[in-house]
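Asks: Sharing a structure here in structure tokens format.
The values are calculated or read from the model by the stated rules, or taken from the named source; none is laboratory data. A quick note: this is a predicted structure, and the numbers were derived from the prediction, not measured. Here the Cβ is made from the backbone with ideal geometry for all residues, glycine too, and neighbour counts use every protein chain on show.
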Amino acid sequence: AALLSLGRALGKPVVCLAHVTNTMATRTEDFEKGGDTGLADSLSVCAAALEAALEHAGRKTNTSEGGR
């Protein structure tokens, strides 16, 4: 919430990603999160989001400089 408030105060977009786990899972029939409790998948999502944000920022910069 603090990051979102900072973004709003500065007039800058903010993206927050959350990796939610089921730490209370104690039974064998609780849902399967995958290897390393989904860590690899979460990092892949973060990397894709960062790549998209940087690409978007680059396009925005190029447009303002008379580029694409």
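Asks: Hey, can you tell me all the residues within the stretch 55-68 that are modelled with pLDDT of 90 or more and within 14 Å of PRO13 (Cβ to Cβ)?
Replies: Within the stretch 55-68, none qualify.
Asks: Here's a follow-up. Kindly establish whether VAL20 is modelled with pLDDT of 85 or more, β-branched (Val, Ile, Thr) and either surrounded by 10 or more Cβ atoms within 10 Å (Cβ to Cβ) or at negative phi (or both).
Replies: No: the conditions fail for VAL20.
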